[in-house]
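Notes follow the structure.
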Amino acid sequence: MTPPPGWYRDPSAPHVERWWDGTAWTEHRRAPEAAVPPVPRSPVPAAPPVPSVPPSPGGGTARAKAVAITAAGAVLVAAIVTGAVVLGDEGTEASRPWPR
């Protein structure tokens, strides 16, 4: 379920608002409006709250992408180190299973 069309804080520039058309970001931007004082409660229940920022165009947040890239880098480094250790021992006498 995506948020309805409207002005939201721009994920790439939080100091401005950007128009979300319900499916994608448009190029329309504006300065954020001043906070509006709260409206008195009515006896009719209000609609459920809408997230303040819809999903970014690439999917996920910048923090999630950074965590994923960092984890992938750590796995890559671990694989390289493991490969170097395993392949580096092939030339030594102690690593050969047969007597010489």
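The values are calculated or read from the model by the stated rules, or taken from the named source; none is laboratory data. Just so we're clear, the structure is a prediction, and the values are computed from it rather than from any experiment. Positions of Cβ are backbone-derived with ideal geometry, glycine not excepted, and every protein chain shown enters the neighbour counts.
With respect to residue 32, determine if the residue is closer than 16 Å to residue 7 by Cβ, within 16 Å of the chain's Cα centre (by Cα), modelled with pLDDT of 60 or more and not polar (S, T, N, Q).
Numbers: closer than 16 Å to residue 7 by Cβ: yes; within 16 Å of the chain's Cα centre (by Cα): no; modelled with pLDDT of 60 or more: yes; not polar (S, T, N, Q): yes.
It is false that residue 32 is closer than 16 Å to residue 7 by Cβ, within 16 Å of the chain's Cα centre (by Cα), modelled with pLDDT of 60 or more and not polar (S, T, N, Q).
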Inter-residue pairs, beta-carbon under 7 Å, first exposed (fewer than 10 other Cβ atoms within 10 Å of the Cβ) and in segment 1-26, second of a type in the set (S, T, N, Q), 6+ apart: 23/2
Hits in segment 1-27 (condition: in contact with an Asp or Glu (Cβ under 7 Å, 6 or more places away or on another chain) and in a strand (DSSP E or B)): 7, 8, 9, 10, 16, 17, 18
